[in-house]
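The values are calculated or read from the model by the stated rules, or taken from the named source; none is laboratory data. Since we're looking at a predicted model, the values are computed, not measured. Backbone-built Cβ (ideal geometry, glycine too); neighbour counts: all protein chains shown. The area values use the complete protein model at the heavy-atom level, side chains included, leaving out ligands, DNA and RNA. Shrake-Rupley method; radii C 1.70, N 1.55, O 1.52, S 1.80 Å.
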Amino acid sequence: MEEVLPSPSMKDQDKRRNGQVQHQNHSFLAYKITDVPPWYLCVFLGIQHYLTALGGLVAVPLILSKDLCLQHDPLTQSYLISTIFFVSGICTLLQVLLGVRLPILQGGTFAFVAPSLAMLSLPAWKCPEWTLNATQVNASSPEFIEEWQKRIRELQGAIMVASCVQIIVGFSGLIGFLLRFIGPLTIAPTISLVALPLFDSAGNDAGIHWGISAMTIFLIVLFSQYLKNIPVPVPSYGQVKKCHVSKLYLFQIFPVLLGLSISWIICYILTITNVFPSAPSAYGYLARTDIKGSVLSEAPWFRIPYPGQWGLPTISLAGVFGIIAGVISSMVESVGDYYACARLVGAPPPPKHAISRGIGIEGIGCLLAGAWGTGNGTTSYSENVGALGITRVGSRMVIIAAGCVLLLMGLFGKIGAAFATIPTPVIGGMFLVMFGVITAVGISNLQYVDMNSSRNLFVFGFSIYCGLTIPNWVNKNPERIQTGILQLDQVIQVLLTTGMFVGGFLGFVLDNTIPGSQEERGLIAWNQIHENPGNSLNVSDVYSFPFGIGTKFCIASWLWHLPFWPKSQHEEAAMGRRHHLTKENGQIPVGAQERVNVETRM
């Protein structure tokens with residue numbers, strides 16, 4: 001007897017019909033958020049979550065490596081990959097145990113990539129010409145080491161200072177106030193412009209050998225779109241059926257990993273058969289797998305990343321303000337992930353104290369990422385939120401196992417080295433697909449907005465176009481920004497060359513100043529997706545601190561006044577009413593009563 005695991009097309013999904021949101025039926029879950037599956041299932045699914053996050057975790061260091069002058073130093077690239085694995089594991093455990101407490105994996109964020117590249121494109125941080133020539137680079141020379149380390153130290157300092165802003169916004173409860181003014185027309189251009197400006201980088205990598213890049217794209221698209229609903233028989237073991245055969249939707253779970261692996265193997269075959277040219281100046285030479293082959297032998301089996309491994313971080317105003325723009329985008333995206341995750345795992349909508357705590361812990365995660373020197377921050381991973389629905393397991397113990405797997409993989413130096421040896425055109429093909437998906441995710445927020453409205457068309461179109469045009473002009477004319485204060489010039493240049501900031505800022509200002517109804521702006525439909533009636537769990541069962549903190553220990557009533565501290569059910573309802581109600585002549589404003597009912601149930 002074969003067991004078939006459900007694909008997303010077989011599940012009940014949220015659908016918007018006649019302006020109403022149809023909520024997902026949680027009866028399909030094998031394990032809810034508070035359940036504890038058998039240890040072997042936790043380990044297996046934890047490894048699966050690790051593999052699901054691999055694409056994003058590996059992509060971020062590889063993108064940054066060029067502007068860090070590391071494109072000809074794959075060994076150091078492998079160290080960065082191992083470091084981001086290790087820190088992501090720590091941040092995942094912090095988030096699940098002390099943060100929002102939903103089963104959400106933490107990892108590197110593309111929201112920090114654009115401002116990081118903008119900062120590194122300043123004249124003071126552009127890579128010297130000799131670092132771009134493989135024949136002139138001696139990766140072990142003190143001169144070269146100082147060149148790339150001083151750049152990553154600058155990134156570290158900017159990330160650590162900017163993360164303090166996120167910590168304050170989270171733990172102070174300010175995130176709840178800010179979200180009142182942020183809707184789909186602010187988020188859509190912001191997220192879309194995270195990846196759109198990177199088309200040049202992805203095109204250059206893919207152009208090293210378009211045949212290999214096209215093959216990688218074809219494989220990822222084939223697995224993720226055409227074969228996603230085709231089950232693959234795999235051996236399984238269960239308490240009831242013991243040894244049996246189950247059908248797993250393998251192509252849907254690991255499309256990127258399978259595409260990269262097959263492309264790498266084909267490149268290896270074409271290398272040993274000398275199909276690829278052996279002359280460094282020839283077209284397609286960088287598609288060879290033996291160029292970086294020494295990395296695997298040079299990389300240590302075990303390596304423990306530690307804070308300050310690249311030296312003492314440095315700070316500049318330009319870098320800090322640029323990364324703050326990325327922090328804002330990351331926070332907004334993470335809040336959306338919290339609600340999506342809660343719906344998938346059968347949990348109540350996250351209350352304000354849990355959201356505040358989650359954002360605050362993400363800020364601490366960014367602080368740790370900066371201290372360890374990943375060159376990036378951390379955020380919630382949307383890919384793994386989707387994987388929860390595929391596996392039918394919403395237990396947070398699985399994500400705790402995934403965090404432990406990330407920690408262990410970060411200690412194995414050979415793991416990071418293996419990913420650093422992936423040929424450049426294969427990486428370019430992966431970038432083209434991933435960047436396209438990220439752009440589509442941003443645009444998908446417009447489904448809640450009335451796009452027949454000329455107002456909304458103007459806000460979105462103008463924000464996107466300016467988010468592409470202004471950074472392009474500033475990059476070509478940096479000398480035009482001359483205020484007489486060097487640091488101010490650098491801050492303005494970094495902000496104006498970060499398309500995500502330009503587009504998001506214009507979308508925010510225009511959406512909140514141009515007259516328009518809440519329904520027209522998409523705020524009513526946007527708020528509806530945050531509701532989740534019919535779940536069987538209490539808020540305190542999911543979002544309270546572990547180990548009895550707040551119930552058996554640290555139960556002083558004054559702690560309830562902290563924005564991030566779990567409240568009693570009575571206090572939660574009372575605070576919700578005080579927050580949402582604005583009495584006008586004794587009347588409740590239109591639309592407020594429905595929100596009050598939700599808060600009271602919580």
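Run the quick spin-label model on ALA556 and TYR283: label points 7 Å from Cα toward the beta carbon, then report their separation in nm to one decimal.
A separation of 7.2 nm, rounded to one decimal place.
How large is ³J(HN,Hα) for each residue in region 349-365, as worked out from phi by the Karplus curve 6.51 cos²θ - 1.76 cosθ + 1.60 (θ = phi - 60°), to whole Hz, x for Gly and Pro?
x, x, x, 5, 5, 6, 5, 4, 5, x, 5, x, 5, 4, x, 5, x
Could you give the length gained on full extension between VAL509 and SER121, defined as 0.36 nm per residue of separation minus the Cα-Cα distance, in nm?
Values: separation 388, 0.36 × 388 = 139.68 nm, distance 2.75 nm.
Computed gain between VAL509 and SER121 is 136.9 nm.
Please tell me which of these pairs span more than 32 angstrom C-alpha to C-alpha: LYS150/LYS292; LYS126/LYS292; LYS66/LYS247; LYS32/LYS247; LYS150/LYS352?
LYS66/LYS247; LYS150/LYS352
May I ask for the net charge around PRO115, where only other residues with Cβ less than 13 Å from the Cβ of PRO115 are counted and Lys, Arg are +1 while Asp, Glu are -1?
On the way: positive: none; negative: ASP67, GLU154.
Taking every other residue near PRO115 into account, the sum is -2.
What is the Cα centroid distance between region 46-78 and region 108-127, reported in whole angstrom?
16
Cα gyration tensor of region 304-387, axes a ≥ b ≥ c as square roots of the eigenvalues: rounded (a/c below 1.5), prolate (a/b > b/c) or oblate?
The shape class here is prolate.
In whole angstrom, note down how far apart the Cα centers of region 146-190 and region 292-366 are.
Each part's Cα centre sits 10 Å from the other's.
Relative contact order for region 332-405: what percent, with Cα pairs under 8 Å and sequence separation of 6 or more? Numbers along the way, then the final one.
Details: 44 pairs, mean separation 25.4, N = 74.
Contact order relative to length: 34 percent.
Taking all protein chains together and a probe of 1.4 Å, list THR92, THR34, THR513, THR424 from the most accessible to the least accessible.
THR513, THR34, THR424, THR92
On full extension of the chain, what length is gained from ALA30 through ARG480, given 0.36 nm per residue of separation minus the C-alpha to C-alpha distance?
Using 0.36 nm per residue and subtracting the Cα-Cα distance, I get 156.0 nm.
Would you kindly state how much longer the chain becomes between PHE181 and ILE265 on full extension, computed as 0.36 nm times their sequence separation minus their alpha carbon distance, in nm to one decimal?
Here the answer is 25.3 nm.
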